[in-house]
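Encoded as structure tokens, the structure appears first; notes follow it.
Throughout, read-outs are computed from the coordinates displayed, never taken from laboratory work. Because the structure is predicted, anything quoted here is derived from the model rather than measured. Note that we place each Cβ from the backbone using ideal geometry, even for glycine, and neighbour counts take in every protein chain shown.
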Amino acid sequence: MNSALLKLAICLSLFMLSVLNLNAQFSGGSGSPGDPYLISSAADFDNVRNYLGSTFLQTADIDLGVAPYNEGTGWIPLTENVDYPFTGTYEGAGHHIFNLTINAPDSPYRSLFGFGENCSVSNLKLEGVSIHASHSSGALFCVCKNAQISNISISGTIVGALHDTGGIVATARNFSQLSNCSTNMQVSGGHYSAGLVSYLVFSSVTDSYALGTVQGMDGCGGLVGDMSQSTLQNSFAISSINAAYVIGGLVGMMNSTSSVSNCFARCSISSVGLAGGISGTMSGDSSIINSYSASEFPAGESKGGLAGGTSFGDSSNSYYDADLAGEVSNSFGEARTTQEMVEPHSPNTYVDWDFAVTWQADPGHLNNSGYPYLAVNPVSNEEEYLPQPQLSLVCYPNPFNQSTSIAAKAPAGQRVEGAIYNLRGQLIKKLAPYQSSGTKQVFSWDGRDDSGRTVSSGVYFVRLISGGETMGKRVVLIR
């Protein structure tokens, strides 16, 4: 063999070895649309970060709750660089990813994938999610642009100390589409906390729902925190939502020609600010169409059956249960009694609604306590998911300067313990424990710790524990 042929043989051998080594990093495939990389282990999935523009197919359930992925601060997003987002296609094929763990309370932009653009993620279930970050975090993406996210199911807990905390995505923008997505999450954050997406811009959510709890400061919603020039369709929330100021059963804030259509909220809402059965505030010619609220919210500075504060908003054929909402501050939307809204509903309710394709009646009061439900996402054994909080906690004023009142209520006979913590989780002050009589108990906090020392301005957490249930609220001290 002459030297030229020998060099050629060596080059071909090296090329073939590189191809074999490349494929060996996955369970198979070449990463093309017709031959996707096969993902069957945590190591396979971790390697996706090196091939962000490829096509992937998950072929088995994956557990990320193992070393090294759950050690230290836990999972590192597949991409932490907004300039190098995930641009590929990930097909979950109905498989699970278990125990995604992130413990990075001082770090922003924490999620499974990180950043995404012009990408697709579908048919994937995340269970046992546990994320603790500072801000701009979601279980699937931190920020996605022009992303197609479909058939995603997520359960677990996500905590963000500051702002933009979403059950699935923190920020979805630039024509992103979320469809057939669901969460059963405990979402806790500051501004713009939500069951699905904290910030929705030029994007859409359809055929989706959220269960569980949402806690935050303002702009909080069962599905979306803040939406701008976006649409929410054929979706619902059955949640317990607590926020200091602006809060809605579905959306915290609706802006810039956003719309909610064929949706419903059945939530327990707690706020001393702007509270609405569908949206906390509406502006910029936003609209609510063919939707209803059967939410209960006992207080609110400006409380509306559909929207807490309205400005250039509109509603059509949309209703709220006045028996649950109580006295409201505005007449936006159409008030109905519970009897008029549940089956057999009155003729002047759900006028021109599509009960052939979009909506289903509940004549036996078995699926949704008699209220209509969506045909595309039927509520199954609804009472199993509807939160029945035994504790209630309201702090007012909030923010405060001199002192804030902490109003707590628990079932009669239960022992109630309370405490105040700073952002680092350090105990600041214990509240005197007591045996509940079933009525409201009010404490006053003057911004001092257990030693009588004045604490600095900042965000603090009030936590109650009673009967195995925990409830927390954020309070802001401004000196």
Original post:
Between the helical axis of 3-24 and the dominant principal axis of the chain, each derived from Cα atoms, what acute angle in degrees is found, rounded to the nearest 10?
Top reply: 20
Original post:
If you add up the charges near Cys144, with Lys and Arg at +1 and Asp and Glu at -1, over every other residue whose beta carbon is less than 15 angstrom from its beta carbon, what do you get?
Top reply: -1
Original post:
Taking the Cα centre of region 27-385 as the origin, how large is its charge dipole in debye, to the nearest 20, when only Lys and Arg (+1) and Asp and Glu (-1) carry charge on their Cβ atoms?
Top reply: 460
Subject >> Over the chain: helical MRE at 222 nm, DSSP H runs n ≥ 4 each giving -39500 (n - 2.57), nearest 500 >> reply: -2000 deg cm²/dmol
**OP:** Could you tally the net charge around Asn118, taking each other residue with its Cβ under 15 Å from the Cβ of Asn118, Lys/Arg +1 and Asp/Glu -1?
**Re:** 0
Original post:
What are the residues whose amide H is under 5 Å from the amide H of Ile154, where those residues sit 5 or more places off or on another chain and H is modelled from the backbone?
Top reply: Leu126, Ser182, Thr183, Asn184
Original post:
Tell me, what ³J(HN,Hα) does each residue in region 83-89 have, in order and in whole Hz, if you take phi through Karplus 6.51 cos²θ - 1.76 cosθ + 1.60 with θ = phi - 60° and put x for Gly and Pro?
Top reply: 7, 10, x, 6, 10, x, 10
**OP:** Just order 171-177, 68-74, 34-40 by mean Cβ neighbour count inside 10 Å, highest at the front, would you?
**Re:** 171-177, 34-40, 68-74
Subject >> Highest average packing first - 243-254, 344-355, 406-417, 127-138, Cβ atoms within 10 Å >> reply: 243-254, 127-138, 406-417, 344-355
Original post:
In the structure displayed, which of Lys303/Lys429; Lys303/Lys409; Lys145/Lys473 lie more than 28 Å apart, Cα to Cα?
Top reply: Lys303/Lys429; Lys145/Lys473
Original post:
Once you sort the root eigenvalues of the Cα gyration tensor of region 82-174 as a ≥ b ≥ c, which label holds: rounded (a/c under 1.5), prolate (a/b larger than b/c) or oblate (the other case)?
Top reply: oblate
Original post:
At what distance in angstrom do the alpha carbon centres of region 229-301 and region 431-450 lie from each other?
Top reply: 31
Original post:
Which net charge results for the neighbourhood of Gln58, defined as the other residues with beta-carbon distances under 11 angstrom from its beta-carbon, given Lys and Arg at +1 and Asp and Glu at -1?
Top reply: -2
Original post:
For the chain, with the dipole built from +1 on Lys and Arg beta-carbon atoms and -1 on Asp and Glu ones, taken about the Cα centre, which of Ile62, Gln414, Ala356 lies farthest toward the positive end?
Top reply: Gln414
Original post:
How do 44-50, 430-436, 234-240 rank on mean C-beta neighbours within 10 Å, highest first?
Top reply: 234-240, 44-50, 430-436
Subject >> Shape call, region 392-477: gyration tensor on alpha carbons, a/c limit 1.5 >> reply: prolate
Original post:
Tell me, how many Å apart are the Cα centres for region 454-479 and for region 26-41?
Top reply: 48
Original post:
Looking at Gly189, Gly309, Ile241, which one has the Cα that reaches farthest to the positive end of the dipole of the chain (charges on Cβ: Lys, Arg +1; Asp, Glu -1)?
Top reply: Gly189
Subject >> Cα gyration tensor category, rounded, prolate or oblate, for region 270-365 with a/c compared to 1.5 >> reply: oblate
Original post:
Among Tyr292, Tyr396, which comes first, second and so on when ranked by fewest other beta-carbon atoms within 10 Å?
Top reply: Tyr396, Tyr292
